[in-house]
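Here is the structure we will look at.
Every number here is computed from the coordinates shown, using simple stated rules; none is lab data. Just so we're clear, the structure is a prediction, and the values are computed from it rather than from any experiment.
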Amino acid sequence: MPRFVVHEHHAKRAGLHYDLRLELGGVLKSWAMRKEPPMEKGVKRLLIPQPDHQLDYLNFEGEITEGYGKGSVRIWDKGCYEPIEVEEGKLKLKFEGNRLKGRYVLVKSRIGWLFFKI
């Protein structure tokens, strides 16, 4: 099963945010969100697409010393996920992490992606 990680990122310029990264096609597809991932049904988070990352970033914790993302990073959660339904602009996924458990949806909107538990 493909893997995922959620990084808690204390960036010097952008402040505290969380990065959701999904293993897909040999890279980590990445999105940033301002608050912790939703743990309850009905709570939505706006995700902003970020550049792809290398797979070895799945285990990264530490300091980023250069660039816009400069700051500390720690793993908030990680595990595996299973694609349930994949359509243009919509992903239904089942997460099996320490914190993220169950079915979630990512839906593309005009300003980013919405992420919520179903």
**Request:** Could you tally up the Lys pairs in the stretch 1-72 with alpha carbons closer than 20 Å? Skip any pair fewer than 8 positions apart unless they're on separate chains.
**Result:** 6
**Complete:** A student applying the Cα gyration tensor rule (rounded when a/c is under 1.5; otherwise prolate if a/b is larger than b/c, oblate if not) would label the stretch 1-57 oblate
**Request:** Can you pull a Stokes-Einstein diffusion coefficient for the stretch 10-118 at 10 °C (1.306 mPa s), Rh from Kirkwood over Cα pairs, as a whole number of µm²/s?
**Result:** 110
